[in-house]
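A.B. asks: If you scroll down you'll find the structure; I have some questions about it.
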Amino acid sequence: MDFALTDEQLEFKAKCRKFASEVMRPAAPRHDAEESVPWDVIKEARRHGFGGLEGMQRAAEDPQGQMQVISAEELHWGCAGLALAISGSGLAAAGIAASGTPEQIGRWVPECFGHEEEVKLGAYAVTEPQAGSDVKSLKTTARRDGEEWILNGTKVFITNGGIADVHVVVAAVDPELGTRGQASFVIEKGTPGLSQGKKETKLGIRASHTAEVVLEDCRIPAENLLGGEEKLAKKLERARSGQRSRSADALATFEVTRPIVGASALGIAQAAYEWTLEYLDGRSEAGTPLLKTQRIQQTLADVATEIEAARLLVQRAAWMGRNGVPMTGGQGSMSKLKGGDVAMWATTTLMDLVGPDAWNTEHPLEKWFRDAKIYQLFEGTAEIQRMVISRMQAREYAERLGFAAEVAAAAPAEKKEPVAA
C-alpha cells in the first residue's frame, strides 16, 4: 500500500495549480459577478489539456485513478464555477461512454469538447422539477415513431443546459418500470423541439451556466438512442420478466463521478484553509500572534484533519473505481458525502474564525462559502448519500453473515475427546 503520489502525479498537480493560480483566479471575480459563460477560460483550459479529450485519455491511462481527482481539487481551488465550466462537459461524455456503442462513443464524445480553436460543450440532463435525487420518478418520455424518437419533458438545474452542442437526456421509455424502463438519448444543438428554459441565478458556482432544458415533441434519429435498439429491447424484456439487471444508466454514471465531486469540494475547502492561514499570519491578539493562540490552533487543526480525512476517502474511491473494485460498502457515496460536508463546515468555521472581514466581498472567503453549499446538494444530496451508504452497508453486513453461516455449516463437526476417569 502506497499513499504517495508518483512523480508524474506531482508534476501534474503542480501544472493544475499553476493554471488555477495564473488563469482562473484572475478571471473568477468578473465571471462570478456577471454570471457569464467563461469562454475565454474554457478555451485556455482546452489549450492546456484540461476538460477535454486529453483529460479523458489521461484518466484512462492512469492505473491509480488519481489524475481526475487531482485536477478536480486543484481547479476548484482556483474557482469552483470556472472549474465546472471547464469540466462540466465531462458528465455528458461519461454518460455516452457508459451507455453508448463504440461507434456512438467515437462520434459523440469528441462533440462534447471540441478543441482549443472551436470549444464545444456537453450537457447531461437528468434532474426534473419533481424528480431530483429520485431518478426512478422521471416524467420526461421518449416514444418511438418510425425511424425517430419523440421526446417530451422538462429538465432543471442542468449544467450547460440549452447552450451545449450535445445534450444527453435520460427519459422514460416505459414509465411503469422505473429506472429499468429508462434510456439515454443524444440530442444535437439546434434540433427542433429542444430549447433553453429559465437560466438559473445561483448563490454560488455562478460562472457555470445552469438552466432548464425544455423538450417539446423533440424528434431525433433512431441511432441517437445510446446503446442501440437491441440493447434497449433486452433491458426492457428483463425488466418485464422480473429479472435483475445492472444499475440504470444515470445511476451508473453518477457512481463513477462521485469521487470527483468529493475532490471538487475539497478544492474549495483547501483554498479557504490556505487563505485563512495567510490572512492570520502576522496578526496579533493582546500582543500574541493569532497563529500561536490555542483557540486558533485548535480550530485550524480540526479543519486540516477533516480535509485530509476526506481526501483519503476520495483517493480510495477513485482507486476502487479505476481498478474495478466493487464499492459494495458505499465508498463512492462516502467520498462525495464527506467532501461536501467538509467543504461547507470548513468554510463556515473559517469565516467564524476570521470574523467580520470574511463577510466582505473583497475577500474570497465569502465566495468559497457560497460555492461550497452546492456540493451537499447536486449529484445526490447529502441525505441521499447517507441513505445509499446505510443500505449498502446493511446489505454487505447481511452478505458477510450469510457467508459466515455457510462456512460454519460446511465445517466438520468437532470431535470430543473422552474424559479421563
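The values are calculated or read from the model by the stated rules, or taken from the named source; none is laboratory data. Source: prediction; values computed, not measured. Positions of Cβ are generated from backbone atoms using ideal geometry, with glycine treated the same way; all protein chains shown enter the neighbour counts. The protein model used for the area step is the full one, side chains on, heavy atoms only, and it has no ligands, DNA or RNA in it. Shrake-Rupley method; radii C 1.70, N 1.55, O 1.52, S 1.80 Å.
A.B. asks: Is it the case that some residue within region 83-103 is within 22 Å of Lys198 (Cα to Cα), in contact (Cβ under 8 Å) with a residue 40 or more places away in the chain, open to solvent by 10 Å² or more (accessible area, probe 1.4 Å) and part of a strand (DSSP E or B)?
C.D. replies: no
A.B. asks: In region 296-348, what count of residues is obtained for those that are aliphatic (A, V, I, L, M), open to solvent by 10 Å² or more (accessible area, probe 1.4 Å), within 26 Å of Glu396 (Cα to Cα) and over 14 Å from the mean Cα position of the chain (by Cα)?
C.D. replies: Residues flagged as aliphatic (A, V, I, L, M), open to solvent by 10 Å² or more (accessible area, probe 1.4 Å), within 26 Å of Glu396 (Cα to Cα) and over 14 Å from the mean Cα position of the chain (by Cα) within region 296-348 amount to 6.
A.B. asks: Of all residues being of a type in the set (S, T, N, Q) and closer than 16 Å to Gly380 by Cβ in region 104-137, which is surrounded by the most Cβ atoms within 10 Å (Cβ to Cβ)? Just the residue, please.
C.D. replies: Thr127
A.B. asks: Testing Gln393 on (1) surrounded by 15 or more Cβ atoms within 10 Å (Cβ to Cβ); (2) over 17 Å from Ile307 (Cα atoms); (3) touching a residue at least 24 places away in the same chain (Cβ under 8 Å), one condition comes back false. Which one is that?
C.D. replies: Exception for Gln393: condition (1).
Residues checked against (1) in contact with an Asp or Glu (Cβ under 8 Å, 6 or more places away or on another chain); (2) in contact (Cβ under 8 Å) with a residue 12 or more places away in the chain; (3) farther than 30 Å from Glu118 by Cα; (4) of a type in the set (A, V, I, L, M, F, W, C):
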position: Glu147; (1), (2), (3), (4): no, yes, yes, no
position: Ala164; (1), (2), (3), (4): no, yes, no, yes
position: Val168; (1), (2), (3), (4): no, yes, no, yes
position: Asp174; (1), (2), (3), (4): no, yes, yes, no
position: Gln182; (1), (2), (3), (4): yes, yes, yes, no
position: Glu188; (1), (2), (3), (4): yes, yes, no, no
position: Ile205; (1), (2), (3), (4): yes, yes, no, yes
position: Glu216; (1), (2), (3), (4): no, yes, no, no
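The rows are residues; the columns are (1) farther than 19 Å from Ile150 by Cα; (2) modelled with pLDDT under 95; (3) open to solvent by less than 10 Å² (accessible area, probe 1.4 Å).
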| position | (1), (2), (3) |
| --- | --- |
| Val186 | no, no, yes |
| Pro192 | no, no, no |
| Glu216 | no, no, no |
| Arg238 | yes, yes, no |
| Leu266 | yes, no, yes |
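A.B. asks: Which of the residues belonging to region 83-120 are among the charged types (D, E, K, R) and closer than 20 Å to Leu232 by Cβ?
C.D. replies: Start the filter on region 83-120 by keeping residues that are among the charged types (D, E, K, R), which leaves 103, 107, 111, 116-118, 120.
Across region 83-120, the qualifying residues are Glu103, Arg107.
A.B. asks: Being open to solvent by 30 Å² or more (accessible area, probe 1.4 Å), among the hydrophobic types (A, V, I, L, M, F, W, C) and assigned to a helix (DSSP H, G or I) is true for just one of Val23, Val37, Val41. Which residue is that?
C.D. replies: Val23
Let's see how each residue does on (1) hydrophobic (A, V, I, L, M, F, W, C); (2) closer than 24 Å to Ser21 by Cβ; (3) out of contact with any Ser or Thr (no Cβ under 9 Å at 6 or more places or on another chain); (4) without any contact (Cβ under 8 Å) to a residue 12 or more places away in the chain:
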{"site": "Arg316", "(1), (2), (3), (4)": "no, no, no, no"}
{"site": "Trp319", "(1), (2), (3), (4)": "yes, no, yes, no"}
{"site": "Val342", "(1), (2), (3), (4)": "yes, yes, yes, no"}
{"site": "Thr349", "(1), (2), (3), (4)": "no, no, no, no"}
{"site": "Ala358", "(1), (2), (3), (4)": "yes, yes, no, yes"}
{"site": "Pro364", "(1), (2), (3), (4)": "no, yes, yes, no"}
{"site": "Trp368", "(1), (2), (3), (4)": "yes, yes, no, no"}
{"site": "Gln376", "(1), (2), (3), (4)": "no, no, yes, no"}
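A.B. asks: Another question about this same structure. Return yes when Leu300 is farther than 19 Å from Glu73 by Cβ, touching a Phe, Trp or Tyr at 6+ places or on another chain (Cβ under 9 Å) and in a helix (DSSP H, G or I) and no when it is not. Talk me through it step by step, then tell me what you get.
C.D. replies: Working: farther than 19 Å from Glu73 by Cβ: yes; touching a Phe, Trp or Tyr at 6+ places or on another chain (Cβ under 9 Å): yes; in a helix (DSSP H, G or I): yes.
So Leu300 fits the description; yes.
A.B. asks: Is there any pair with a first residue in region 230-242 that is in a helix (DSSP H, G or I) and a second that is of a type outside the set (Ser, Thr, Tyr) and open to solvent by 60 Å² or more (accessible area, probe 1.4 Å) whose Cβ atoms are under 6 Å apart and which are 6 or more apart or on different chains, and what are they?
C.D. replies: Ala239/Arg180
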